[in-house]
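Visitor: Structure provided below as structure tokens; questions to follow.
The values are calculated or read from the model by the stated rules, or taken from the named source; none is laboratory data. Computed from a prediction, not measured in an experiment: that's the story for all the values here. Cβ coordinates were reconstructed from backbone atoms using ideal geometry, including for glycine residues, and neighbour counts include every protein chain displayed.
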Amino acid sequence: MTHEQRLVFNEILNAVITDSGGFYFVYGHCGCSKTFIWNGLSSTIRSRRKIILNIASSRIASLLLPGDRTDNSRFSIPITITNESTCNIKHGNLKAELLIQSSLIIWDEAPMLNKMCFETLDRTIRDLMSVTDQHKTHQPFGGKVVVLGGDFGQILSMILKGSRYDILSSAINSSHLFANWILDVGNENIGSAVGDESEVNIPDDLLITTVDDPLSHLIDFAYPYLL
């Protein structure tokens, strides 16, 4: 593995071994060996007698993964989904038990699907895990380690007669699942109290590093077609 691949591999593997949960997105263009990382994780985790579920958003991509399953096949996601949908998985059946026992879920080609597919799985796993541990219902994906992969430069989710805004709003990076940091700030789970004030470290990827005209940079980023 390259140094960058090893960092990704170790981060995910450590989350599985320590059972600390985690929600990751591995962003890389076609040919950067994401599948190589998936296969390495699959072999390593299964050698530790843990369950890993490999799926992909397309049938062709699923052929490259151990297990060879698509999201609809594995998770029974409804064809028509809403903000309140759940997977067609009932408590006590084999699919439910498989999800409960799994230690890692890898979902390749994630940008191809509507964000509601991932939110549907999130609600389902939280509900299933509530039987074993009530605290898990308050964690993303019931405390499971979930890794999404893909390239936002490829095919995005299809919205019938949708505008650019509709398509981008349906993408996974627009989902509330990626808003955990903001929620943690609001719930006072991040930061240290200093007198009557709190200090919160803002992640580097949320900062505007342009010092000459930061306001214009912010406007260009938020409204690229304003002019």
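Visitor: Determine whether Ala96 is within 20 Å of Val26 (Cβ to Cβ) and out of contact with any Pro (no Cβ under 7 Å at 6 or more places or on another chain). Walk me through it before giving the result.
Guide: Values: within 20 Å of Val26 (Cβ to Cβ): no; out of contact with any Pro (no Cβ under 7 Å at 6 or more places or on another chain): yes.
For Ala96, the condition - within 20 Å of Val26 (Cβ to Cβ) and out of contact with any Pro (no Cβ under 7 Å at 6 or more places or on another chain) - is not met.
Visitor: Run down Thr137, Thr120, Thr124 and say which single residue is in a helix (DSSP H, G or I) and free of Cβ contacts under 8 Å to residues at least 24 places away in the same chain.
Guide: Going through Thr137, Thr120, Thr124 in turn, just one is in a helix (DSSP H, G or I) and free of Cβ contacts under 8 Å to residues at least 24 places away in the same chain: Thr137.
Visitor: Quick one: which of Gly162, Gly150 is modelled with pLDDT of 70 or more, surrounded by 15 or more Cβ atoms within 10 Å (Cβ to Cβ) and either more than 17 Å from Thr120 (Cβ to Cβ) or in contact with a Gly (Cβ under 6 Å, 6 or more places away or on another chain) (or both)?
Guide: Exactly one residue qualifies, and that residue is Gly150.
Visitor: Turning to a different aspect of this structure: Exactly one condition in (1) of a type in the set (Ser, Thr, Tyr); (2) over 20 Å from Asp127 (Cβ atoms); (3) out of contact with any Pro (no Cβ under 9 Å at 6 or more places or on another chain) is false for Thr80; which is it?
Guide: (2)
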